[in-house]
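Presented below is the structure to which this report refers.
Bear in mind that the values in this text are calculations on the coordinates, not laboratory data. Please read these numbers as outputs of a predicted model, since none were measured by experiment. Cβ placement follows ideal geometry from the backbone for every residue including glycine, while neighbour counts extend to all protein chains displayed.
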Amino acid sequence: MYENPDGVMIGLEVHVQLNRLKTKVFCGCTTDYHNDPPNSHVCPVCLGLPGSLPVINKKAVEAAIKVGLALNCTVEEHTQFYRKNYYYPDLPKGFQITQYDFPISSGGYITIEGEDGEHRVGITRAHMEEDPGRLVHEGTIDKSKYTLIDYNRSGMALLEVVSDPDMRSPKEARRYLDKLRNILEYLDIFDGDLEGALRVDANISIMGGQRAEIKNISSHKGAERALLFEIVRQKNVLRRGGVVVQETRHFDEAREITLSMRSKEEAHDYRYFPEPDLVPLKISGWAPAIKATLPELPDARRLRFVEQYGITDDHAKALTSELKFAIFYEDVAKKVDPKIAAVWVCDVLKGELNYRDLTIEAFKKEHILSVIDLLLNKKITEDGAVDIIRTLLDKGGSPFEIMKEKGLLKVEGDIVSTAAEEAIKENPRAVADYRAGKEKALNSLVGAVMKKTKGRADARTAREMLLDILDKGV
Amino acid sequence: MPHTKYALSAYYIIAMSEASSNLARFDGMRYGLRTEDHDWHTTFSHVRAEGFGDEVKRRILLGTYALSAGYLDKYYLKALKIRTLIKQDFEHAFKDADVLIAPTMPYPAFKIGEKIDDPISLYLADVETVPINLAGVPSISIPCGSSGGLPIGMQVIGKHFDEAAILRTAYTFEENTDFHKTEGS
């Protein structure tokens with residue numbers, strides 16, 4: 001049981017861009033603008049020109065319902081859009097079309113690896129809204145002489161996923177974000193690698209104080225850092241006898257601190273009211289058909305991997321935490337021993353990729369199959385296999401070529417036994433130590449064999465041969 | 001039709017509330033008037049101060065007020081409920097009638113500028129037509145006589161999507177009268 005000594009309560013509001021849809025949420029403009037010049041994918045609707053009217057994108061509603069279902073939410077009978085009124089240059093109409101009462105879904109949960117084992121974080125609601133444009137500054141926002149506006153992003157479908165204040169540490173908040181992103185990627189409605197795909201606002205309070213809302217968090221790591229800072233700040237305020245007031249704070253990513261933006265009294269009156277240009281949608285009948293299209297989600301896949309492939313839960317967890325990895329593993333596991341595949345894909349390949357900040361796309365399935373094949377046929381040693389994987393990532397090529405070029409073809413039989421005999425002859429002291437009962441002395445003899453074979457001998461074979469000779473040679 | 005007496009109030013609350021939000025896009029950023037200022041807040045404030053006339057500003061202010069925190073239920077949402085009741089009044093009336101007939105205006109045309117400083121009496125001039133707008137039913141106005149040399153209009157109101165009936169009624173009326181041929185003298 002996690003004590004939570006400071007009474008930390010964290011709730012997150014995550015803006016998810018449904019960037020795998022073909023078009024924006026209220027007009028026919030493409031969502032595929034990321035490599036195009038600013039303001040090249042805009043129309044009267046997403047520019048908010050007079051006389052233009054929004055038309056709801058059915059696919060966006062379906063995607064939003066899909067997310068709601070995947071987060072164990074109840075999909076409402078009917079859903080309605082509202083206007084949130086405020087002035088900002090990135091908001092062309094002077095209001096944002098969003099939801100207020102009657103959100104698309106509510107009352108779900110996400111299961112994360114918590115401070116004390118499995119932990120459920122409640123999902124208050126998930127509601128749809130439109131993305132504003134993007135403001136571009138020269139250098140930093142406070143030093144720039146001008147602001148440019150790119151409306152390509154304006155009108156992209158967003159889903160705001162609001163959690164209950166169920167996270168008790170910054171680590172849990174980060175795990176929640178990782179898990180949410182993981183689930184979203186499985187649903188094929190979201191590409192987390194695109195700019196602005198996932199944006200986070202964090203609410204945090206500790207015992208004896210009111211909550212602060214932190215804005216401008218741009219990564220999962222950033223969320224963890226901002227929350228860590230905020231806990232220390234709030235504790236310091238209370239320790240000095242001060243009051244932690246309800247306010248909105250800005251996260252300064254470079255300095256890893258939060259700064260006060262506005263107090264509760266300065267909060268905007270957004271004048272929410274039902275959007276008169278969009279009729280309420282009856283969606284109660286939609287959910288069953290969409291539920292039938294839900295893919296296998298990370299938790300289910302993890303359990304299946306353990307059962308079907310007999311791998312450890314740790315391996316299954318690591319492999320399913322990224323959809324692309326899970327698919328990669330499963331393709332490999334169908335062709336070789338799944339347990340060996342798990343070790344090489346998860347322990348070795350994933351580590352080497354992370355070390356280089358690369359994604360799984362950087363490695364070919366056929367290559368890991370070849371490496372495992374060479375290993376199982378005793379052509380190379382485990383060290384040799386790791387060497388090949390590293391070389392493939394750093395320089396490219398094919399496993400077989402690398403094996404030949406680097407001379408990694410494992411030596412065995414006579415060569416190893418000759419090396420073992422030589423090692424015994426050349427190291428009488430180690431032999432004597434071993435015979436005197438010092439088991440460790442054998443290690444230096446194994447080392448000598450490896451040196452003579454330039455690392456191409458299998459360490460276990462070398463050990464066995466040494467023992468064989470030593471036992472015989474009494 | 002018990003709820004039509006609330007139509008004028010409901011109509012102006014809805015129209016002003018929505019106008020206050022609809023007109024927010026006129027901020028001078030993408031098109032239209034642009035003043036010489038140096039930052040966002042003063043620029044859009046000046047653009048709106050200079051670009052809008054008195055009546056528009058009046059409606060934006062009243063609409064903004066009606067939508068403010070604590071007033072939404074009291075005004076806008078209540079007006080939407082009245083709108084639904086008025087629509088039902090019409091639907092009910094059309095169970096016994098194919099079309100309804102009513103005066104278009106409460107009085108003949110007033111002089112230019114006569115009511116310009118009295119917005120309430122200007123709004124009151126719409127009392128006969130706004131129930132139709134709220135109910136969303138079709139209506140046509142045709143001449144039906146004169147008073148002191150000024151023409152008087154009659155509106156023929158029909159069911160939802162039954163424009164054919166009101167056009168037929170108006171045409172038949174014109175075929176049998178001469179009001180449409182006489183100009184006000």
Self-check item: Cα gyration tensor shape for segment A:353-393, rounded if a/c is under 1.5, else prolate or oblate
Solution: oblate
Quiz item: Applying 1/(1 + (r/R0)^6) with R0 = 35 Å to the Cβ-Cβ distance of residue A:291 and residue A:30, what FRET efficiency is obtained, to the nearest 0.05?
Solution: 0.75
Self-check item: Table column - 3J(HN,Hα) (Hz), segment A:242-252, Karplus curve with 6.51, -1.76, 1.60, x for Gly and Pro
Solution: x, 10, 8, 8, 6, 7, 9, 10, 10, 8, 8
Practice problem: At 0.36 nm per residue, minus the direct Cα-Cα distance, what do residue A:340 and residue A:454 gain on full extension? Give it in nm, one decimal, please. | Solution: 38.5 nm
Practice problem: Divide by every residue of chain B the summed helix terms, -39500 (n - 2.57) for each DSSP H run of at least 4, and state the resulting mean residue ellipticity at 222 nm, rounded to the nearest 500 deg cm²/dmol. | Solution: -14000 deg cm²/dmol
Exercise. Let me know the charge dipole size of segment A:327-395 about its Cα centre in debye, to the nearest 20, where only the beta-carbon of Lys, Arg (+1) and Asp, Glu (-1) is charged.
Key: 160
Exercise. List the relative contact order of chain B as a percent without decimals, with contacts defined as Cα pairs under 8 Å and 6+ residues apart.
Key: 23
Quiz prompt | Cα-based helix-to-principal-axis angle, A:365-376 vs chain A, degrees rounded to 10 | solution = 30
Self-check item: Cα centre as origin, Lys/Arg/Asp/Glu Cβ charges: the protein assembly as shown dipole, Debye
Solution: 1280
Quiz item: Roughly how tilted is helix B:40-51, in degrees to the nearest 10 and between 0 and 90, from the longest Cα axis of chain B?
Solution: 40
Exercise. Quickly estimate the mean residue ellipticity at 222 nm for chain A, helices only: each DSSP H run with n ≥ 4 gives -39500 (n - 2.57), and the total goes over all residues, rounded to 500.
Key: -11500 deg cm²/dmol
Quiz item: Which trypsin sites (Lys or Arg not before Pro) from segment A:227-315 combine a DSSP loop assignment with at most 16 other Cβ atoms within 10 Å?
Solution: A:240, A:255
Practice problem: Multiply the residue separation of residue A:134 and residue A:86 by 0.36 nm, subtract the distance between their alpha-carbon atoms, and state the gained length in nm to one decimal. | Solution: 15.7 nm
Quiz item: Mind listing which GluC sites (Glu not before Pro) in segment A:48-78 are in a DSSP loop and have 13 or fewer other Cβ atoms within 10 Å?
Solution: A:77
Quiz item: Once both labels are modelled 7 Å past Cα along the beta-carbon direction, what's the residue B:150-residue B:84 spacing in nm?
Solution: 3.9
Exercise. Sticking with the crude label model, points 7 Å out along Cα→Cβ, report the distance from residue B:167 to residue B:9 in nm, one decimal please.
Key: 3.8
Quiz item: So, with +1 on the Cβ of K and R and -1 on the Cβ of D and E, and no other charges, what is the size of the charge dipole of segment A:103-154 about its Cα centre, to the nearest 20 debye?
Solution: 300
Quiz item: Once the dipole of the protein assembly as shown is set up with Lys and Arg at +1 and Asp and Glu at -1 on Cβ about the Cα centre, which of A:52, B:144, B:165 lies farthest towards its positive end?
Solution: A:52
Quiz item: Which residues make up the longest stretch of chain B clear of GluC sites (Glu not before Pro) that lie in a DSSP loop with no more than 15 other Cβ atoms within 10 Å, not counting the sites?
Solution: B:37-113
Exercise. Mind giving me the nanometre distance, one decimal, between the label points for residue A:398 and residue A:436, set 7 Å out from Cα along Cα→Cβ?
Key: 5.4
Quiz item: For a label point 7 angstrom out from the Cα of residue A:324 toward its Cβ, which stretches of segment A:330-357 have the backbone nitrogen within less than 17 Å?
Solution: A:330-332, A:345-346, A:349-357
Practice problem: Work out the charge dipole of chain B with +1 on the Cβ of Lys and Arg and -1 on the Cβ of Asp and Glu about the Cα centre, then indicate which of B:71, B:125, B:9 is farthest towards its positive end. | Solution: B:71
Practice problem: Can you bin segment A:216-301 into rounded, prolate or oblate? Criterion: square roots of the alpha carbon gyration tensor eigenvalues sorted a ≥ b ≥ c, rounded for a/c under 1.5, prolate for a/b above b/c, oblate for the rest. | Solution: oblate
Exercise. Give, in nm to one decimal, the length gained when the segment between residue A:171 and residue A:357 is fully stretched (0.36 nm per residue of separation minus the Cα-Cα distance).
Key: 64.8 nm
Quiz item: Angle, helix A:170-186 long axis vs. longest principal axis of chain A, Cα atoms, 0 to 90°, nearest 10?
Solution: 90
Quiz item: For the protein assembly as shown, with the dipole built from +1 on Lys and Arg beta-carbon atoms and -1 on Asp and Glu ones, taken about the Cα centre, which of A:462, B:155, B:110 lies farthest toward the positive end?
Solution: A:462
Quiz item: Can you list the residues of segment B:105-146 with backbone N under 12 Å from a point 7 Å past the Cα of residue B:93, pointing along Cα to Cβ?
Solution: B:128-139
Practice problem: Express in whole angstrom the spacing between the alpha-carbon centres of segment B:139-185 and segment B:76-109. | Solution: 18
